[in-house]
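The values are calculated or read from the model by the stated rules, or taken from the named source; none is laboratory data. Just so it is clear, the model here is predicted, and its values are computed rather than measured. With ideal geometry, Cβ positions are generated from the backbone for all residues, glycine too; neighbour counts draw on all protein chains shown.
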Amino acid sequence: MKSAVILPSSSYIITDQTIGDGGHAVVFLAIEVATGQHVVCKVHDVSRYAPTSKKLQRIRQEAALLSILDHPNILPIKAAFETPQTIYVITDLAMGGDLFSTLLRYNQLDELQIRAIVRQVLRAAAYIHSKGVAHRDIKPENILCGITPSVPYRIMLSDFGDSGISADSGPGRLKSAVGTKFYRPPECYGPDPSHDLSVDIWAIGMLTLQLLLGYEELPGLDTVVFRNQADIDAYLDLAFADMCSPVSDDATNFVRGCLAFDSVQRPTARQAFRHRWLQEPESDRKVFERIEEDGKASWRPQRVKFPVIEKIGPVSVGMNQETEERTPWTEQGGLQGTTSGHFTAQHQHSEFMLGDRLRL
């Protein structure tokens, strides 16, 4: 017998299988009761945040954004619930894991696979930019792979916790110091950290560089400083020279274009998508388009009820029996490497622990 948290609704059952554990939230495998399908529950302990804190606002904003960003290459949200101490965000399960895990599994992707991935990331970026949204933390860990047995997957951009909304695409609309070092462009480190949607183009350039390099860590990841375009060019010369496999001229040209020191010189997401590296030859483009059409066929427009975050009252603690087998997490299913974990928070001044089952 283990303690379980019983919430007023029974739409989802959250298991104690941990998919991810970061500084902002713990991510658990969950089950959608109506369909029996596996989904993901991102659990935020918000008891440490003041009601007006920016962090709490960002958590709510992420759920709200996911509810209106409806695109095959954006991770779909299914529901969100809020108690006085915790926010639960339910999303689809990307069975292929994230791109970081993909690099770990395969060590090196060929250039055709990388191009297929980058095209889909750019499709997602072009879509959110058309809505005035900058992701601001595009990196391998935040790009998820859909249900396919091998690369390339249907790619889904996830984790909008650091996103920003700009009234227009002009410079100086966003100022928050968010994102991941090295995937943030030089303007974010200056005395005036104002930036715009082009921060995502810089990040896509760095993402592409990492994919071309493979699982090896980018050189100088923690120490490099880009003070001008010459610093960037010198760094890229070094990075491309160190690669084990030769890289095409079109690939290096694409990366250099994204990594312009002057944000105005970077292409938009739509312009980057039209780069020759992602469009030619025609035979390759047809392969990419077929992959994207297959991915779109497996996608369904989401139906999110409003309000996006359903507020529910304090939870009660119940008991449940451990009679059911755990679902194995295989490489083919994308669930390899999970661990059992517990998420602890305060509810009604009494501590609860996530056991085998938690109902939402």
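Some notes on this structure:
- In the set 71, 38, only one residue is modelled with pLDDT of 90 or more and touching a helix residue (DSSP H, G or I) at 6+ places or on another chain (Cβ under 6 Å); that residue is 71.
- Scanning region 31-47 for residues that are crowded, with 16+ Cβ neighbours inside 10 Å and more than 19 Å from residue 161 (Cβ to Cβ) turns up 31, 32, 38.
- Qualifying residue in region 111-134 (condition: assigned to a strand (DSSP E or B), assigned by TED's automatic domain parsing to the domain that holds residue 156, surrounded by 19 or more Cβ atoms within 10 Å (Cβ to Cβ) and of a type in the set (A, V, I, L, M)): yes
- Filtered by the rule that a residue be within 18 Å of residue 183 (Cα to Cα) and more than 15 Å from the chain's Cα centre (by Cα), region 127-151 gives a lone residue, 129.
- In region 288-303 there is no residue matching the filter, namely being over 24 Å from the mean Cα position of the chain (by Cα) and aliphatic (A, V, I, L, M).
Let's see how each residue does on (1) of a type in the set (A, V, I, L, M, F, W, C); (2) outside the structural domain of residue 88 (by TED's automatic domain parsing); (3) closer than 29 Å to residue 63 by Cβ; (4) in contact (Cβ under 8 Å) with a residue 60 or more places away in the chain:
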| site | (1), (2), (3), (4) |
| --- | --- |
| 183 | no, yes, yes, no |
| 188 | yes, yes, yes, no |
| 197 | yes, yes, yes, yes |
| 233 | no, yes, no, no |
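- Verdict on residue 169 being at pLDDT below 90 and either closer than 22 Å to residue 115 by Cβ or not assigned by TED's automatic domain parsing to the domain that holds residue 65 (or both): yes
- Subset of region 40-94 (residues that are in contact with a strand residue (DSSP E or B) (Cβ under 6 Å, 6 or more places away or on another chain), among the aliphatic types (A, V, I, L, M) and part of a helix (DSSP H, G or I)): 59, 63, 66
- A count restricted to region 95-107 and to residues that are modelled with pLDDT of 90 or more and assigned to a loop (DSSP other than H, G, I, E, B) stands at 0.
- For region 204-242, a residue qualifies if it is under 22 Å from residue 275 (Cα atoms) and among the hydrophobic types (A, V, I, L, M, F, W, C), and the qualifying residues are 204, 206, 207, 209, 211, 212, 213, 232, 236, 239, 240.
- Test for residue 209: is it touching a helix residue (DSSP H, G or I) at 6+ places or on another chain (Cβ under 9 Å) and assigned by TED's automatic domain parsing to the domain that holds residue 117: yes
- Selection count where residues are surrounded by 22 or more Cβ atoms within 10 Å (Cβ to Cβ) and of a type in the set (Ser, Thr, Tyr), scope region 66-85: 0
- For region 200-213, the condition holds for no residue, the condition being that it is in a loop (DSSP other than H, G, I, E, B) and either at pLDDT 85 or above or farther than 17 Å from residue 143 by Cα (or both).
- Taking the criterion of being assigned to a helix (DSSP H, G or I), among the charged types (D, E, K, R) and out of contact with any helix residue (DSSP H, G or I) (no Cβ under 8 Å at 6 or more places or on another chain), the residues of region 221-272 that qualify are 231, 237, 249.
- Condition met for residue 80 (within 13 Å of the chain's Cα centre (by Cα) and at pLDDT 90 or above): no
- Residues satisfying the stated conditions in region 276-299, i.e. touching a residue at least 12 places away in the same chain (Cβ under 8 Å) and under 28 Å from residue 65 (Cβ atoms): 278, 288, 291, 292, 294, 295, 296, 298, 299
- Single unsatisfied condition, residue 108 versus (1) in contact with a helix residue (DSSP H, G or I) (Cβ under 8 Å, 6 or more places away or on another chain); (2) in contact (Cβ under 8 Å) with a residue 60 or more places away in the chain; (3) within 23 Å of residue 288 (Cα to Cα): (1)
- Residue within region 270-283 that is modelled with pLDDT of 95 or more and either among the acidic types (Asp, Glu) or at positive phi (or both) present: yes
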